[in-house]
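**Q** Below: one structure in structure tokens.
The values are calculated or read from the model by the stated rules, or taken from the named source; none is laboratory data. None of the values given here were measured: they were computed from a predicted structure. Counting neighbours? That spans all protein chains shown, and the Cβs are built from the backbone with ideal geometry, glycine included. Areas reflect the complete protein model, heavy atoms only, side chains present, ligands, DNA and RNA absent. Shrake-Rupley method; radii C 1.70, N 1.55, O 1.52, S 1.80 Å.
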Amino acid sequence: MNIQPFALERLLSVWENRVEINLSESGLQPLSPSEFLAPSTWEKMFHLPLGYAQANGLDELRQTISSLYPGTSPENILVTNGSSEANFVLAWSLLEPGDEIIIMMPNYLQIWGIARTLQVTVKEFYLQPENKWRPDLEKLADSITERTKLISVCHPNNPTGMVFQPEEMEKIISLAQANQIWLHSDEVYRGAELTEKETPSFWGKYERVIVTAGLSKAYGLAGLRLGWLVAPEIIISRAWEAHDYTCITAGTLSNHLALLALQPEIRPKILSRSRQILQRNLQILTSWVEEHADVLDFIPPQAGGVAFLHYHLPLNSTQLVEQLRDEKSVLVVPGESLGLDKFFRLGLGVETSVLQEGLQRIGEFIRHRKNTRSQD
Ligand SMILES: Cc1ncc(COP(=O)(O)O)c(C=O)c1O
């Protein structure tokens, strides 16, 4: 089997801990247990026997996750090692060679890469930068054939931070429904809104909707490696069979800590912290982009932990990222590894001082490149 390289994760795996300023992360500045747990609870964790957790997720955790998705029961939930495992077991258990899937781009490209590895035909429809990232739904409609098994979107979108308008969600649902196609929505950034309005889930809008999500991004708990799949029972049972082969179960401590993080008295506090960080950092970024308006422009994200910046320099995004990394020890993500060149992605969930230092260095890099260009 030829595994499609996962360019984005490869870049992060190799470089994220080797640079001085890491702006490649898409989630929120990590929380430590002491920031959301009372010492007495932590004491209980200390005595927790570290055997295997219930393989599909602790009953209480699945119950708690299910309470976030109206109309579900714990039987509709599979707890996984991060939302990346949720995406993986979904694709591995659902897709077969010869199937077609349609993916919304630009994108994190995990489902895209797994599908190509499984010899599934991948078609794409784009969020359009010239139209404030509104999706090209005509292209989506035109791409559907009788072999289309899955439409996959990321909502809120990584990397643009786009959130669908209600009529766009309805259109996507109606296209899926008319053709009885599964609709997958990766909602791992839900909860990290830059506006007051929570991003609506696709869950409950059609009987063939599958949602993946987890605690890595909006909650700032990536190190728990705790994600989940929400789906009709038939999909959950097939995905659990795949999960028997991948990791058997998520970690015991992670199951328990996730249960605590999702309690009604704790979850809103975590998400409110996330929004404050994002709003503060977005203001800083916006002023900085204005200062560099001759080279940069962007459509501000509505949600999620990143901004996707368009630049006018005569180099492609992989070259830009490599040169920036080597010259300034700052890591950002090339648009090329997200399916759209001449953009780069920058994390907004970091500590403000780190963002400021990173922007200062990127500014120096850009000015230098611009001056070199004007001397050409
Ligand atoms: C859209 C999307 N889905 C899934 C993941 C995987 O996240 P995790 O496995 O940490 O939950 C990421 C990570 O960047 C992502 O951007």
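**Q** For region 161-216, what are the residues that are in contact (Cβ under 8 Å) with a residue 60 or more places away in the chain, among the aromatic types (Phe, Trp, Tyr) and assigned to a loop (DSSP other than H, G, I, E, B)?
**A** Correct list: Tyr189, Trp203.
Residue by residue, here is whether (1) more than 16 Å from the ligand (Cβ to nearest atom); (2) part of a loop (DSSP other than H, G, I, E, B); (3) under 19 Å from Arg225 (Cβ atoms) holds:
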residue: Arg18; (1), (2), (3): yes, yes, no
residue: Glu25; (1), (2), (3): no, yes, yes
residue: Glu35; (1), (2), (3): yes, no, yes
residue: Trp42; (1), (2), (3): yes, no, no
residue: Leu48; (1), (2), (3): yes, yes, yes
residue: Gly51; (1), (2), (3): yes, yes, yes
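**Q** Something else about it: Quick one: is Gly223 modelled with pLDDT of 95 or more, within 16 Å of the ligand (Cβ to nearest atom) and outside any helix (DSSP H, G or I)?
**A** Answer is no for this residue.
**Q** So, in region 1-45, of the ones that are among the hydroxyl-bearing types (Ser, Thr, Tyr) and modelled with pLDDT of 90 or more, which residue ends up farthest from the chain's Cα centre (by Cα)?
**A** Restricting to residues being among the hydroxyl-bearing types (Ser, Thr, Tyr) and modelled with pLDDT of 90 or more, the top hit is Ser34.
**Q** Is it the case that Asn316 is modelled with pLDDT of 95 or more and surrounded by fewer than 17 Cβ atoms within 10 Å (Cβ to Cβ)?
**A** The answer is yes for Asn316.
**Q** Any idea how many residues of region 248-274 are more than 16 Å from Lys44 (Cβ to Cβ) and in contact (Cβ under 8 Å) with a residue 60 or more places away in the chain?
**A** 10
**Q** If you don't mind, there's one more thing I want to ask. Using the structure shown, decide if Thr80 is under 23 Å from the mean Cα position of the chain (by Cα) and open to solvent by less than 50 Å² (accessible area, probe 1.4 Å).
**A** Taking the combined requirement at face value, the residue satisfies it.
**Q** Hey, another quick one. Any residue in region 291-303 that is in the same structural domain as Phe344 (by TED's automatic domain parsing) sitting within a Cβ distance under 6 Å of a residue that is modelled with pLDDT of 95 or more and open to solvent by 30 Å² or more (accessible area, probe 1.4 Å)? List the pairs, counting only those 6 or more apart or interchain.
**A** If the second residue must be modelled with pLDDT of 95 or more and open to solvent by 30 Å² or more (accessible area, probe 1.4 Å), the pairs left are Val295/His312; Asp297/His310; Ile299/Lys132.
**Q** Further, regarding this structure: Can you tell which of Ser216, Ser201, Ser185 is among the polar types (S, T, N, Q), modelled with pLDDT of 95 or more and more than 11 Å from the ligand (Cβ to nearest atom)?
**A** None of the other options fit; the residue is Ser201.
**Q** Just to be sure before I move on: is Leu278 open to solvent by less than 10 Å² (accessible area, probe 1.4 Å), of a type outside the set (Lys, Arg) and part of a helix (DSSP H, G or I) in the structure I sent?
**A** Here the answer is yes, as Leu278 does meet what is asked.
**Q** Please specify each residue of region 82-135 satisfying the condition of being more than 11 Å from the ligand (Cβ to nearest atom), among the charged types (D, E, K, R) and under 29 Å from Gly220 (Cα atoms).
**A** Residues satisfying the conditions are Lys132, Arg134.
**Q** Then there's this: Checking Ile3 against (1) crowded, with 18+ Cβ neighbours inside 10 Å; (2) assigned to a loop (DSSP other than H, G, I, E, B), which test does it fail?
**A** The one condition Ile3 does not meet is (1).
**Q** Among the residues that make up region 55-77, is at least one of them within 16 Å of the ligand (Cβ to nearest atom) and open to solvent by 90 Å² or more (accessible area, probe 1.4 Å)?
**A** Scanning region 55-77, I find no residue that is within 16 Å of the ligand (Cβ to nearest atom) and open to solvent by 90 Å² or more (accessible area, probe 1.4 Å), so the answer is no.
Table: residues versus (1) part of a loop (DSSP other than H, G, I, E, B); (2) out of contact with any Leu (no Cβ under 7 Å at 6 or more places or on another chain); (3) at pLDDT 95 or above; (4) surrounded by fewer than 19 Cβ atoms within 10 Å (Cβ to Cβ).
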residue	(1), (2), (3), (4)
Val321	no, yes, yes, no
Asp326	no, yes, yes, yes
Glu336	no, yes, yes, no
Leu340	yes, yes, yes, no
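**Q** What tally of residues in region 342-369 results from selecting those that are surrounded by 21 or more Cβ atoms within 10 Å (Cβ to Cβ) and either under 20 Å from Gly27 (Cα atoms) or polar (S, T, N, Q) (or both)?
**A** Within region 342-369, residues that are surrounded by 21 or more Cβ atoms within 10 Å (Cβ to Cβ) and either under 20 Å from Gly27 (Cα atoms) or polar (S, T, N, Q) (or both) number 11.
**Q** Turning to a different aspect of this structure: Scan region 281-317 residue by residue and report those that are in contact with a Leu (Cβ under 9 Å, 6 or more places away or on another chain), among the aliphatic types (A, V, I, L, M) and outside any strand (DSSP E or B).
**A** Across region 281-317, the qualifying residues are Leu282, Ile284, Leu285, Val289, Val295, Leu313.
**Q** Follow-up question, since we're still on this one. Considering only region 342-355, state which residues are assigned to a helix (DSSP H, G or I) and farther than 17 Å from Pro159 by Cβ.
**A** Listed by number, the residues that qualify are Thr352, Ser353, Val354.
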